[in-house]
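Read the structure below first, then the notes.
The values are calculated or read from the model by the stated rules, or taken from the named source; none is laboratory data. Note that this is a predicted model, so its numbers are computed, not measured. Don't worry about glycine lacking a Cβ; one is built from the backbone with ideal geometry, like all the others, and counts go over all protein chains shown.
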Amino acid sequence: MNERTPAGEIVSRLAMDLFSLNNRMLAAGDRLVADLGLTSARWQILGAIVAADRPQPVAWLARDLGANRQNVQRIVNDLHKKDLVAFELNPHHRRAQLIALTSKGKRAYDAAMNRQAPWVDDLAKGLSVKDIEIAHRIIRVLRQKLETNGGLGEREVAD
């Protein structure tokens, strides 16, 4: 049965638009911070470290980002090679080192955010705050549903 409810059809189209938007946002972010030695992925990891407010293991950063731990580890290793992050001992787990921003990493992140402010303000031109808030709320609810039971809800996926 391939029929969807009207709401399901719209969410399906929204998902396709979100995939496209994500790809374009990543490409634009890459261009915005390329000369800082960053990519969107590296910038995102730096942002997660800043948002965490204290050093955390890679697994926790991955969880907070909704990302694959191995992918986050690869990016953290790249950031470490560029002296943007440092590994610290974790008193609670010998093998899961804590990831901390270096002063060079903080400068790179701050420079990226200084560029992001006018860019995102320009991107938001012509959109009402109310419409943006509604879109944000819908995306947040969909994300929360996906985080619950792997997003399958009460239905089981047939092979």
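Quick notes
- Considering region 1-70, the qualifying helices (runs of 4 or more DSSP H), each wholly inside and each with 1 or more residues that are under 17 Å from G105 (Cα atoms) and of a type in the set (D, E, K, R), run over 6-33, 40-52.
- Residues of region 20-45 satisfying the condition of being in contact (Cβ under 8 Å) with a residue 40 or more places away in the chain, more than 23 Å from R63 (Cα to Cα) and within 15 Å of the chain's Cα centre (by Cα): A28
- Residue match in region 133-140 (condition: more than 18 Å from L14 (Cα to Cα), surrounded by 11 or more Cβ atoms within 10 Å (Cβ to Cβ) and small (G, A, S)): no
- Scanning region 55-88 for residues that are in contact (Cβ under 8 Å) with a residue 40 or more places away in the chain and not β-branched (V, I, T) yields a total of 6.
- Only residues that are at pLDDT 95 or above, surrounded by 15 or more Cβ atoms within 10 Å (Cβ to Cβ) and either more than 12 Å from L79 (Cα to Cα) or of a type in the set (A, V, I, L, M, F, W, C) (or both) were counted in region 37-54, giving 9.
- When the residues of region 71-95 are filtered to those that are in contact with a Leu (Cβ under 8 Å, 6 or more places away or on another chain) and in a loop (DSSP other than H, G, I, E, B), the one that is surrounded by the fewest Cβ atoms within 10 Å (Cβ to Cβ) is L89.
- Meets criteria (closer than 29 Å to R24 by Cβ, without any contact (Cβ under 8 Å) to a residue 40 or more places away in the chain and under 14 Å from the mean Cα position of the chain (by Cα)) for A117: no
- Members of region 68-88 that are modelled with pLDDT under 95 and either hydroxyl-bearing (S, T, Y) or out of contact with any helix residue (DSSP H, G or I) (no Cβ under 8 Å at 6 or more places or on another chain) (or both): E88
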